[in-house]
Structures are given as C-alpha cells and as structure tokens.
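The values are calculated or read from the model by the stated rules, or taken from the named source; none is laboratory data. Remember, it's a predicted structure, so these values are computed and weren't measured experimentally. Here the Cβ positions follow ideal geometry from the backbone for every residue, glycine too, while neighbour counts run over all protein chains shown.
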Amino acid sequence: MFPLLPDYALSAASSAQYALDVLGKDKCALIWQNDELGRRAKFGLDLVLSSRKKTILTDVSFDVATTDLSAQIQRVSAAGAEVVLLFGSNAHLASALRSAARISWKGTWFAPFFTADPSTYELTGDLLDGVYFSSWLLPLDADRPAIEAYRAVVPKYYPNDKLGVFGLNGWTGASLFAVAFERLLSSGKEPTRENLIAVMNTIDGVSAGAADKITFTAGDHRGTRQEVMIRAEAGKFRLVRDFSPYPQVVFDAVSK
C-alpha cells in the first residue's frame, strides 16, 4: 500500500499552525463530525496546541446526519473563539457558515481539503469566501501543467463528470503510478509487482498531479508529508502558502 491521503490529524495540525504562526490567532475551537474523521482532527489539534502550551477553547461534535449546526455555532460564539476548525462534509460547512451569518458571528474558518471544491460554493454562495483549507493537493484553479491537463482532459473525454477535488485526487494517484512505472521501464528491469514496489520505495520528493514532495521508503509509506494552504476567494480557490511540512510533533505521533 502506497497511500497519498494523509491522516486528518495532520491537516488539523497544519491549520492550527497556520492560525498561530501566520494569522496570529490562538483562540481555536473545533466543530467535529463524531466519527474517525472528526476524532483524528481533534487528536491532531490537541497535540499541536499542547506542544505550544495552549488548549482548544471549546470543541463540540455532531452526528453525520446533522443538518443544522446552529447549536454548535452558539457554543463557539459563547466561548469567544477567533478561529474555528470544522471537520465534516461540505454540507456541514455550509450549515455552519449560514448559522454563523444568522447571528453575525465573525471568525476565521478552516475546513478539510475535500471541501475546497466548486460544489461547496454551490451550497454556500459567497459565505465561503475567506475560508482556509489545509490541503495535500494544490487547488483546482492552480496553473501547474498537470492540473491544467486534468481540467482539459476530463471535459473532453468525460463531459458528464464535474471537475472537482475528488477527481483531482484520483488524477494525482494515477499520475504517481505513471511516474513510478516510467522509472521501472527506464531501469530495464522486468515489470513485475516486486520490482514496481522496489521503485516505489525509492520515490523521494516527487511531484505528481496536484501533490508535491511525495516520499516513500521501505519502512515508511506516508507519501504525503507537506500541505499547502488554500483560501476561498470570489468563487475560486487560491494558493496562499506553498507546500510546508507538517508540525513535527504530530507527524511523529501518527503511525507509519
């Protein structure tokens, strides 16, 4: 197994690090889906804040079937949070943003990479503007040739498929396989499963699709080791920080 999708603990930690070090805000709250997605986010946020001798101001969960996050927003507002990390679907993010707008709560939002998607704007409208996303993928609107190719190829061959982050995810996985297979062919070795695995274990700092600095070793298959920061602006997703390593304390704590 050579996974690219990172542990959500790492993404939550990267979001907190950005809030602390770039935005200068440390009153962090968490609204989290009551399953492994949210629990891992809580683990990462707890760990990175405790390493700075800080704590989560308040955290409140919700079930996956929840459609109204008004109560959670009231808790966050009452706690005096400056920053909210929401780990749930784009529908949950939309509900939270609408609830915050109804009570005129102003704060800085962070959400998972998969919500940096045009479908989220369809749910939220301009309420999404200003939301940050720590992401192992460059934004869909980036001008990298591999992403431009994704935007060109899908409408041509799959006109009924919407361009989006999940498609870009798959495109990136396929791009990494192409890099590895080309290396195997160039080596002159027989194209067997064992030889392909051996090549994959030498991938070091590779760019593929919308991801960068992908690295595998024989003893560590955490391919994604850095994330970018994306910000929603006027219906688009803009890169505001290039790839940056995960907080070491959390990276070390996540199992290999």
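Taking the residues in region 8-58 that are among the β-branched types (Val, Ile, Thr) and buried (at least 24 other Cβ atoms within 10 Å of the Cβ) as candidates, determine which candidate is farthest from PRO247 (Cα to Cα).
First, the residues of region 8-58 that are among the β-branched types (Val, Ile, Thr): 22, 31, 48, 55-56, 58.
Applying the additional criterion that residues be buried (at least 24 other Cβ atoms within 10 Å of the Cβ) yields 31, 48.
Working: ILE31: 21, VAL48: 7 Å.
Per the stated criteria, the residue is ILE31.
Taking ASP212 and the conditions (1) among the charged types (D, E, K, R); (2) over 15 Å from the mean Cα position of the chain (by Cα); (3) buried (at least 20 other Cβ atoms within 10 Å of the Cβ), which numbered condition does it fall short on, given that it satisfies the others?
Looking at each condition in turn, ASP212 falls short on (2).
Any idea which residue in region 198-242 is nearest to PRO112 (Cα to Cα), counting only those that are among the polar types (S, T, N, Q) and in a strand (DSSP E or B)?
GLN226
Which residue pairs have Cβ atoms closer than 7 Å, lie 6 or more positions apart in sequence or on different chains, and pair a first residue in region 30-56 that is touching a residue at least 12 places away in the same chain (Cβ under 8 Å) with a second residue that is β-branched (Val, Ile, Thr) and part of a loop (DSSP other than H, G, I, E, B)?
As it stands, the answer is LEU30/ILE56; GLN33/VAL64; ASP35/VAL64; LEU45/ILE56; LEU49/THR55; LEU49/ILE56, since those pairs meet every condition given.
For region 72-110, which positions are at pLDDT below 95 and aromatic (Phe, Trp, Tyr)?
Listed by number, the list holds a single entry, TRP105.
Residues ARG231, ARG238: which one is surrounded by 16 or more Cβ atoms within 10 Å (Cβ to Cβ), in the same structural domain as GLU36 (by TED's automatic domain parsing) and among the charged types (D, E, K, R)?
Being surrounded by 16 or more Cβ atoms within 10 Å (Cβ to Cβ), in the same structural domain as GLU36 (by TED's automatic domain parsing) and among the charged types (D, E, K, R) holds for just one of ARG231, ARG238, which is ARG231.
Let me spell it out: the conditions are (1) among the hydroxyl-bearing types (Ser, Thr, Tyr); (2) within 23 Å of LEU5 (Cβ to Cβ); (3) in a loop (DSSP other than H, G, I, E, B), and SER104 meets all of them except one. Which number is the exception?
Unmet for SER104, out of (1) among the hydroxyl-bearing types (Ser, Thr, Tyr); (2) within 23 Å of LEU5 (Cβ to Cβ); (3) in a loop (DSSP other than H, G, I, E, B): (2).
So the check is Cβ under 8 Å with 6+ separation or different chains; which pairs have a first residue in region 84-99 that's surrounded by fewer than 22 Cβ atoms within 10 Å (Cβ to Cβ) and a second one that's modelled with pLDDT of 95 or more and basic (Lys, Arg)?
That search, which allows pairs on different chains as well, returns nothing.
Working only within region 89-146, note down all residues that are touching an Asp or Glu at 6+ places or on another chain (Cβ under 9 Å) and of a type in the set (S, T, N, Q).
Listed by number, the residues that qualify are ASN90, SER95, SER99, THR108, SER134, SER135.
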